[in-house]
Amino acid sequence: MATYNPERKFEVRVHELEYRMDGAESWGVTIFQPEGDGPFPALLDVHGGAWNRGDRTADEVMNRALAASGMVVAAIDFRLAPAHPYPAQVQDVNLATRWLKAHAAEFNADPDTIGGMGCSSGGHTLMLSAMRPADARYAALELPEAAGTDASVAYTVCCWPVLDPYARYLYAQESNNERLAASSEAYFLDQEAMKEGNPQHILERGETIVMPPTLIIQGTRDDNVPLSIPQRFETAYQAAGGDIQVEYFPDQIHGFGNMPGPESDRAIGMIKAFIARRLAPAGAPA
């Protein structure tokens with residue numbers, strides 16, 4: 001199994017590849033690969049954009065920093081609303097997780113150490129895939145080279161995540177944020193889907209799910225995700241027996257981790273430390 005020491009430093013090589021093709025369409029992945037002896041642990045990055053916007057370059061600040069500490073990071077593009085409503089993005093993340101496991105050795109990575117990082121709506125998508133890695137709807141896209149492989153991950157890192165899309169939809173309506181409300185409607189189509197594909201409600205319904213160790217990074221001045229969402233999720237995750245750590249960053253706004261500066265550095269440092277603890281050999285000091 002790959003080991004991870006977040007204090008190490010590596011040069012990073014970048015590959016641009018395709019991980020999924022469907023007829024004339026394809027979806028890309030950027031691989032940030034440390035140059036050095038491996039194998040290295042691996043991380044799948046799922047960008048945000050209210051399910052309707054954004055691309056795999058969105059989290060480059062964090063992805064490069066994590067790769068430079070000795071981690072193979074795979075940042076993916078995926079289908080977006082309104083052309084592709086729920087659960088299309090979860091299907092793509094499920095497929096990408098299996099793809100990364102199947103191809104890890106090509107990037108000097110260890111498939112048994114793959115975790116996930118999702119930002120904003122990407123945090124929602126990642127958590128749904130991680131909670132339901134074998135869900136028949138989410139695993140509907142075939143990947144012959146990964147037959148028998150599921151989309152489970154060793155841990156999740158959720159940065160300013162939308163872990164309750166229904167509550168966020170109501171918040172957007174109450175705050176007259178028509179753009180956010182419309183984005184939710186374009187992806188989920190109706191409120192019932194917002195409640196069904198909802199990590200918070202999944203916990204409250206008591207569904208049988210997988211609960212990987214989870215870190216949440218949240219700014220307290222985030223006008224996109226109200227603090228009640230991570231607060232309620234932490235309580236529900238712990239009550240269900242999950243291992244969760246929530247770190248609040250005073251006065252920080254939505255997406256601050258990708259804005260270079262002291263608070264971004266501090267958030268990245270916490271992510272590195274969390275991953276190091278999750279991947280530490282059995283019996284190693286916490």
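The share of accessible area on segment 1-102 that comes from carbon and sulfur is 46 percent, using a 1.4 angstrom probe. Beta bridges assigned by DSSP with both partners in the chain are antiparallel in approximately 35 percent of cases. Structural descriptor for segment 110-171: relative contact order 50 percent, calculated from alpha carbon pairs under 8 angstrom and at least 6 residues apart.
Report the FRET efficiency, 1/(1 + (r/R0)^6), for GLU207 and GLU25, where r is their Cβ-Cβ distance and R0 is 30 Å, rounded to 0.05. The value I calculate is 0.40. Mean-square fluctuations from a GNM of the chain, with a 10 angstrom spring cutoff on Cα atoms, peak among GLY23, GLY257, GLY49 at GLY23. Between the entries [x] 19.3; [y] 18.7; [z] 20.6, the label attached to Kirkwood radius over Cα pairs in Å calculated for this structure is [y]. Applying 1/(1 + (r/R0)^6) with r as the Cβ-Cβ distance of PHE10 and ILE253 and R0 = 35 angstrom yields a FRET efficiency of 0.70. Take each peptide in 161-171, 145-155, 117-127, count the other Cβ atoms within 10 Å of every residue, and average; sorted highest first, the result is 117-127, 161-171, 145-155.
Of all aspartates and glutamates in the structure, those lying under 16 Å Cα to Cα from LYS101, and not within fewer than 8 positions of it along the same chain, are GLU18, ASP45, ASP92, ASP110, ASP112, GLU142, GLU145, ASP150.
Taking all protein chains into account, the per residue accessible area for the chain stands at 41 Å² (1.4 Å probe).
Short-range pairs are left out: with C-alpha atoms under 8 Å and at least six residues apart, the relative contact order of the chain is 18 percent.
Rounded to the nearest 5, the antiparallel percentage of DSSP beta bridges internal to segment 1-159 is 50%.
Leaving out ligands, DNA and RNA, and with a 1.4 Å probe, what % of the accessible surface on segment 232-286 is carbon or sulfur? Carbon and sulfur: 56 percent of the exposed surface of segment 232-286.
What a 1.4 Å probe finds exposed on segment 107-188 is 47% carbon and sulfur by accessible area, rounded to a whole percent.
The values are calculated or read from the model by the stated rules, or taken from the named source; none is laboratory data. What you see is a predicted model, and the numbers here were worked out from it, not measured in a lab. Positions of Cβ are generated from backbone atoms using ideal geometry, with glycine treated the same way; all protein chains shown enter the neighbour counts. Surface areas here come from the heavy atoms of the whole protein model, side chains and all, with no ligands, DNA or RNA. Shrake-Rupley method; radii C 1.70, N 1.55, O 1.52, S 1.80 Å.
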